[in-house]
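A.B. asks: Below: one structure in structure tokens.
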Amino acid sequence: MTHLELSEKVFVMKIFLTVLTLIIGLQSWANSETIKDFEIEGMSVGDSILDYFSEDQIKKNFYSGSKKFVFSDHKSSKFKIYDDVQFNFKNNDKKFIIHELNGGIFFPRNVEACYKKRDEVLIDIENLFPNAEKDFGNELFEHGMDKTGKSFYTYHAFNLIDGSIGVQCTDWGKNMEKNGMIDAMYIFIETKEFGEFLKNEAYK
């Protein structure tokens, strides 16, 4: 087996184990109606980031349209499933309470593989939450971070009483890839307040 073949096999196995772990975890939440029961790498909305990272490790990144919410990206050897985890919290909140949490799995220059895995995950989530209200954007949306208009994302969410859980695939344009951005699937948990902020303020 060549080094390339071995790398591809390890990558496929990682994705399989990631989705399997997600499905097993979701099964215990099947009768829940609150996003606070959902976890990504043992963390959830409503937790304080300080329970997992020090204040020195938390770097604030501001949205282009508003400083109401800020985000903090983390890559850590402690993460068992995701390549990257992002927290969103209110600016100047000394408790660093999480309002949105998402875990990313990278698909470098292979967004089609991202779409395929996204569809599999969506089916599993829908089977576990048949009564959840679906908010599916069956089209590509321009990503507000890329001012060239060459980056796109898909949005599929299941709405619960206090927020949403969903899956998003991001296809970054060449300009963003040059700046280190990588095509990825994100599984997210967000409060209603943050969801409205993201749609109406973040990139205006």
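The values are calculated or read from the model by the stated rules, or taken from the named source; none is laboratory data. Note that this is a predicted model, so its numbers are computed, not measured. Don't worry about glycine lacking a Cβ; one is built from the backbone with ideal geometry, like all the others, and counts go over all protein chains shown. When the accessible area is computed, the model is the full protein with side chains, heavy atoms only, and any ligands, DNA or RNA have been set aside. Shrake-Rupley method; radii C 1.70, N 1.55, O 1.52, S 1.80 Å.
A.B. asks: Using the scaling law 2.2 N^0.38 Å as the reference, what is the normalised Cα Rg of segment 65-204?
C.D. replies: 1.04
A.B. asks: Okay, moving on. Could you give me D for segment 101-172, from Stokes-Einstein at 20 °C and 1.002 mPa s, where the hydrodynamic radius is the Kirkwood radius over C-alpha pairs? Units µm² s⁻¹, please.
C.D. replies: Estimated via Stokes-Einstein, D reaches 163 µm²/s.
A.B. asks: Convert each backbone phi in segment 114-127 into a coupling constant with the Karplus relation 6.51 cos²θ - 1.76 cosθ + 1.60 (shift: θ = phi - 60°), then list the ³J(HN,Hα) values in order as whole Hz, x for Gly and Pro.
C.D. replies: 5, 4, 5, 5, 4, 4, 5, 5, 4, 4, 5, 5, 5, 5
A.B. asks: Right, next: Can you give the translational diffusion coefficient of segment 30-127 in µm²/s, computed by Stokes-Einstein from the Kirkwood radius over Cα pairs at 10 °C and 1.306 mPa s?
C.D. replies: 105
A.B. asks: Taking loop as defined by DSSP and a crowding limit of 12 other beta carbons within 10 Å, which trypsin sites (Lys or Arg not before Pro) in segment 71-101 fit?
C.D. replies: Those satisfying the criteria are 75, 78, 80, 94, 95.
A.B. asks: For segment 107-155, which whole-number percentage of the solvent-accessible area (1.4 Å probe, protein heavy atoms only) is attributable to carbon and sulfur atoms?
C.D. replies: For segment 107-155, the apolar C and S fraction of the accessible surface comes to 48 percent.
A.B. asks: Further question: Give, in nm to one decimal, the length gained when the segment between residue 142 and residue 60 is fully stretched (0.36 nm per residue of separation minus the Cα-Cα distance).
C.D. replies: Here the answer is 27.1 nm.
A.B. asks: What's the ranking of 66-74, 54-62, 180-188 by average number of surrounding C-beta atoms within 10 Å, highest first?
C.D. replies: Working: 66-74: 16.4, 54-62: 10.6, 180-188: 20.1.
So the peptides 66-74, 54-62, 180-188, ranked by packing, come out 180-188, 66-74, 54-62.
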